[in-house]
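The next block holds one structure in the form of structure tokens; read it before the comments.
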Amino acid sequence: MRYQEETSARRRPQFIGLLLTAILVVTSNTGAIADSIRAVENPLDALASTAAIVEGTIRENAYTFDPAAGPRTVATLADATADFGRLDDKTLPLATLGGPISEKQELFIPELPVLTDDTRYLVFLTNADWFFSPVVENYVFRLETDPQRGTDVLIAPSGRAVVGLSADGLEFSQEPVVDTQIDFISPHAKLRLRDGAAAQLATAMSKQDFLAAVRDLLKAAPLQGEFRSSPARDRVWNQITAEAAPLRDANPR
């Protein structure tokens with residue numbers, strides 16, 4: 001799907017951190033399950049909603065706008081490879097609902113994952129006919145090298161390192177390893193590692209062990225369906241009946 005761009009794809013508005021309560025986007029639990037076949041309460045549910053598990057590097061984020069699909073933040077996953085499932089292209093645009101609407105307003109959905117520039121990720125791609133996000137709930141993990149072991153480990157959107165994975169759920173480090181505070185001026189800048197992160201990363205689950213655990217879980221919940229790279233065409237972004245979501249205003253008042 002080609003988005004009709006009203007602004008340059010590289011445009012990065014200088015937003016001030018004031019929030020307005022304004023319009024239309026699903027929040028809380030409803031938004032979390034809107035793009036899944038079923039509610040995602042554990043890793044088996046996540047796998048049942050997954051078409052492929054891929055990894056790659058986000059080179060940059062860009063903004064697009066389409067009258068039906070709405071404002072989108074497109075994070076381009078480069079050098080993409082599939083750990084499980086099928087991936088046809090080495091470059092994969094991930095178009096999450098949210099972004100500039102005008103010079104003064106931006107649609108912001110805090111429940112949806114934010115992918116930062118120059119960051120490697122492992123992503124669960126949905127098999128649903130999605131509209132909000134192509135990612136299965138929050139199953140998108142930053143890949144970071146543990147300096148002590150020299151192996152990749154996973155960091156969840158919460159900022160905590162993954163220390164375990166089973167059918168019952170994910171386990172995380174006691175303390176966050178990255179600062180997840182959003183900088184509204186540079187919302188897609190790579191998040192810095194916190195002081196003392198090395199000790200937490202040293203206890204994290206390696207990517208190899210994580211993928212081995214996923215392989216075991218796939219025996220009970222095999223991947224199914226295929227990933228659709230474009231949002232569903234049967235919905236319109238500003239005609240969703242839902243709770244109000246915040247818009248950021250470029251001009252403080």
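The values are calculated or read from the model by the stated rules, or taken from the named source; none is laboratory data. In this text the structure is predicted, and so the values were computed from the model without any measurement. Here the Cβ is made from the backbone with ideal geometry for all residues, glycine too, and neighbour counts use every protein chain on show. Note: accessible area is taken over every heavy atom of the protein model, side chains too, but ligands, DNA and RNA are not part of it. Shrake-Rupley method; radii C 1.70, N 1.55, O 1.52, S 1.80 Å.
Residues that are in a loop (DSSP other than H, G, I, E, B), surrounded by fewer than 21 Cβ atoms within 10 Å (Cβ to Cβ) and either free of Cβ contacts under 8 Å to residues at least 40 places away in the same chain or of a type outside the set (D, E, K, R) (or both) within segment 132-147 comprise just one, Pro147. Does at least one position in segment 183-193 carry a residue that is of a type in the set (S, T, N, Q), within 10 Å of the chain's Cα centre (by Cα) and surrounded by fewer than 20 Cβ atoms within 10 Å (Cβ to Cβ)? No, that holds for no residue. Filtering Ser133, Ser102 for residues that are among the polar types (S, T, N, Q), more than 24 Å from Ala213 (Cα to Cα) and touching a Leu at 6+ places or on another chain (Cβ under 9 Å) leaves a single hit, Ser133.
Here's the yes/no breakdown for (1) modelled with pLDDT of 90 or more; (2) touching a Pro at 6+ places or on another chain (Cβ under 9 Å); (3) open to solvent by 70 Å² or more (accessible area, probe 1.4 Å):
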position	(1), (2), (3)
Ala199	yes, no, no
Lys207	yes, no, no
Ala212	yes, no, no
Arg215	yes, no, yes
Gln224	yes, no, yes
Ser229	yes, yes, no
Glu243	no, no, yes
Arg253	no, no, yes
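If the condition is being over 17 Å from the mean Cα position of the chain (by Cα), over 16 Å from Ala51 (Cβ atoms) and among the hydrophobic types (A, V, I, L, M, F, W, C), then segment 61-93 contributes Phe65, Ala68, Ala69. Residues in segment 202-243 that are charged (D, E, K, R) and not in a loop (DSSP other than H, G, I, E, B) were compared, and the one that is farthest from Arg86 (Cα to Cα) is Asp209.
When you check Thr180 against the structure, is it in a loop (DSSP other than H, G, I, E, B), surrounded by fewer than 21 Cβ atoms within 10 Å (Cβ to Cβ) and in contact with a strand residue (DSSP E or B) (Cβ under 9 Å, 6 or more places away or on another chain), yes or no? Against the criterion (in a loop (DSSP other than H, G, I, E, B), surrounded by fewer than 21 Cβ atoms within 10 Å (Cβ to Cβ) and in contact with a strand residue (DSSP E or B) (Cβ under 9 Å, 6 or more places away or on another chain)), Thr180 does not qualify.
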